[in-house]
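S.K.: My questions will all concern the structure given below.
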Amino acid sequence: RLEELEKRLKALADNGGNKAAVADPAIAELRGRIAALENRPASSAPPAAPAPPVASPSPSPETEKEVADLQRQIEALRATLQTLDQRVASQREQAKSLSDTLSARGTSEQKVLQAARAAATIGVAARISFALDLGAPFSADLALLGPLIQGDAKLGEIVAQLQPYAEAGVVSRAALAAEFPAVAKAALAQDLADDSFGERVLGKLRNLVSLRRVGDVPGDSVDAKIARAEVALKQGNLTQAVALMKSLPANVASAVAPWLAKAEAHLATEQAVDRLSAYAVQLLGQSR
């Protein structure tokens, strides 16, 4: 019996091995399907329902009182800030008004000072003009302009033009007119001395009887120009008289040079005084 049982067991084992060998393809297919299902991504879970809101506890009376007090304090601070803003704006307006008033006052004071400076300059110009008519020095009058310059370049320039003539003064127009006949006589004599013998003799005769042409004599001769210069001088036209005397030939230059130097100094001083007066009037007009 033992041997029979062993045979049966062996036979069963052989049959089982054959069946297992037959069923291997089906098992493999099932295993593939199972693996595919396991590897498939899991579908997202439905969203969880929102948690019900938690009811906030109602504030206590003490809390409500504190909140009310804070709100009142905030309103009070806002009102205070608004008041301060209004005061600052008012102070700014007052400061601007004060600044405008001071500026206007400063401008007015500057105009007053400029008017006083212009009036003083006009006075000095008149004094120097008077000294010019007299042929007197005017250094003391010119020194009065020093404090009035105050950085004024134009006024300083005019003072510099007058400075060389201030100490000794310049010869007046009246003195220049009084000296002219002698200058004219010397110039004619020097001119005739360079001419021929006959003309020199005629020149000596003229010197003896003091004959020379006068009036508006035409021509470019020495005696014609001297005659016209004398007419211009009598008419107050010193500038034209100087121009005629400067146009004389070189042979008579030494005879008229001293008079010309005095006349040109007078003209330079006179022109500078005229500029000074005109500038002072301009300053006075600007101060209004």
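The values are calculated or read from the model by the stated rules, or taken from the named source; none is laboratory data. Nothing here was measured: the structure is a model prediction, and the numbers come from that model. Ideal geometry is used to build each Cβ from the backbone, glycine not excepted, and the neighbour counts take in all protein chains shown.
S.K.: Output yes when any residue across the stretch 169-187 is touching a residue at least 24 places away in the same chain (Cβ under 8 Å) and within 40 Å of the chain's Cα centre (by Cα), and no when none is.
M.R.: Within the stretch 169-187 (the criterion being touching a residue at least 24 places away in the same chain (Cβ under 8 Å) and within 40 Å of the chain's Cα centre (by Cα)), the answer is no, since none of the residues qualifies.
S.K.: OK, next. Could you list, in sequence order, all residues of the stretch 263-286 that are touching a Lys or Arg at 6+ places or on another chain (Cβ under 8 Å) and either closer than 20 Å to residue 233 by Cα or aromatic (Phe, Trp, Tyr) (or both)?
M.R.: 266, 279 - these are the residues of the stretch 263-286 that are touching a Lys or Arg at 6+ places or on another chain (Cβ under 8 Å) and either closer than 20 Å to residue 233 by Cα or aromatic (Phe, Trp, Tyr) (or both).
S.K.: Then there is this: Looking at the stretch 232-268 only, could you name the residues that are within 21 Å of residue 218 (Cβ to Cβ), out of contact with any Asp or Glu (no Cβ under 6 Å at 6 or more places or on another chain), part of a helix (DSSP H, G or I) and of a type outside the set (D, E, K, R)?
M.R.: Of everything in the stretch 232-268, those that are within 21 Å of residue 218 (Cβ to Cβ), out of contact with any Asp or Glu (no Cβ under 6 Å at 6 or more places or on another chain), part of a helix (DSSP H, G or I) and of a type outside the set (D, E, K, R) turn out to be 232, 233, 239, 240, 241, 242, 243, 244, 245, 256.
S.K.: Go through the stretch 126-138 residue by residue and tally those that are closer than 17 Å to residue 265 by Cα and part of a helix (DSSP H, G or I).
M.R.: Result for the stretch 126-138: 7.
S.K.: Can you confirm whether residue 171 is at pLDDT 85 or above and within 24 Å of residue 247 (Cβ to Cβ)?
M.R.: Details: at pLDDT 85 or above: yes; within 24 Å of residue 247 (Cβ to Cβ): yes.
When the stated conditions are applied, residue 171 passes them.
S.K.: For residue 141, are the conditions met, namely being closer than 28 Å to residue 229 by Cα and assigned to a helix (DSSP H, G or I)? Give the derivation first.
M.R.: Numbers: closer than 28 Å to residue 229 by Cα: no; assigned to a helix (DSSP H, G or I): yes.
Answer is no for this residue.
S.K.: Next question. So which of 151, 123 is outside any helix (DSSP H, G or I) and either exposed (fewer than 15 other Cβ atoms within 10 Å of the Cβ) or at positive phi (or both)?
M.R.: 151
S.K.: Among the residues of the stretch 223-240, write down those that are under 49 Å from the mean Cα position of the chain (by Cα) and in contact (Cβ under 8 Å) with a residue 24 or more places away in the chain.
M.R.: Within the stretch 223-240, 233, 236, 238, 239 qualify.
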